[in-house]
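The values are calculated or read from the model by the stated rules, or taken from the named source; none is laboratory data. Just so it is clear, the structure is predicted and the values come from calculations on it, not from any experiment. Methodologically, a virtual Cβ is constructed for each residue, glycine included, from the backbone with ideal geometry; neighbour enumeration extends over all protein chains shown. Please note that ligands, DNA and RNA were not included when accessible areas were found on the heavy atoms of the full protein model with its side chains. Shrake-Rupley method; radii C 1.70, N 1.55, O 1.52, S 1.80 Å.
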Amino acid sequence: MFTLYVTKGSGNCFKPFLALVQLRQAFQVINVDILSGETRSDAFRAINPAAAVPYLRVESGEGVGESNAMLWFLADGSGLMPATPLEQAQSLQWMFFEQSKLEPFISPARFLSFIAPERGQGREQEIEGWREKARTGLAVLDAHLQGRAFMLGNTYGITDIALFGYVHVGAEAGIDMNRFPSVTAWMRRVEQTPDFTPLSALCATAKPFSPTSP
Ligand SMILES: N[C@@H](CCC(=O)N[C@@H](CS)C(=O)NCC(=O)O)C(=O)O
């Protein structure tokens, strides 16, 4: 059985969670609380020295960090994996895009204006700067999705999950998502895929982290 270490509300953590659900894998979820500093504790660093969630542990005790690397690992041999070498390269292309042009801007803007707004006080200019950079990335994504049902064409897969993780909470970062109609239509299609489960379910069954967590 897999063990997925997450923190509540995280788009990065949602990605492997959704893949595990849609692939019908057995897994348990452990909530590592970022706000109280649990991710930086010695006990969690012993599990993931990078001190970040998500982190996926396999039965042997070995594990993998980085949400998009987890998607690649989990989807191997499944219908969520891009089929051809070209599609696999395009999938990686969009995963790198997500991590460099979207997530670094949507995530902190959302954290400081929606999840922990008290920490965002006095940083409004910085937050607006992140929103503007995110809008630039979202415009590129919107143009790509025009005329496509999913990221790589007609077939839903891990590329969609990777992009959906933070894009679908763009409004919580203070971004008007109606400016990106192809992105908005794609988000609705992703939500209609078999066994889709929303981010709100991420921590519904999570166990709290403790130094003796598996
Ligand atoms: N690139 C990583 C990002 C991981 C990351 O930054 N995770 C955040 C939560 S979304 C975290 O664990 N931060 C640790 C902390 O703030 O203490 C991924 O895609 O998994």
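Please list, in chain and number order, the residues 5+ apart from residue 209 or on another chain whose amide H is under 5 Å from its amide H, with Hs placed from the backbone.
31, 33
Taking all protein chains as present, what is the carbon and sulfur share of the accessible area of the stretch 85-191, in % to the nearest whole number, probe 1.4 Å? Present the calculation step by step, with values, prior to reporting the outcome.
Working: 2670 of 5010 Å².
The computed percentage sits at 53.
Projected area of the chain, taken from the Cα convex hull and averaged over every viewing direction, in nm²?
Numbers: hull surface 46.6 nm².
Projected area, direction-averaged: 11.6 nm².
Could you check what % of the DSSP bridge pairs in the chain are antiparallel, to the nearest 5?
Numbers: 7 of 14 bridges.
If we restrict to bridges inside the chain, about 50 percent are antiparallel.
So for the stretch 144-191, averaging the separation of alpha carbon pairs under 8 Å that are six or more residues apart and normalising by length, what relative contact order in percent results?
39 percent
In the neighborhood of residue 142, defined by Cβ-to-Cβ distances under 13 Å, what is the net charge if each Lys or Arg adds +1 and each Asp or Glu adds -1?
Net of charged neighbours comes to +3.
Please compute the contact order of the stretch 53-206 in relative form: average sequence separation of alpha-carbon pairs under 8 Å and at least six residues apart, divided by the residue count, as a percent.
About 24 percent, as a whole number.
Taking the highest mean first, how do the peptides 38-46, 25-33 order by number of other beta carbon atoms within 10 angstrom per residue?
Averaged packing, sorted descending, gives the order 25-33, 38-46.
How fast does the stretch 1-98 diffuse by Stokes-Einstein, in µm²/s, taking the Kirkwood radius from C-alpha pairs at 10 °C and 1.306 mPa s? Mind dumping the intermediate values first?
On the way: Rh = 14.1 Å.
Calculated translational D: 113 µm²/s.
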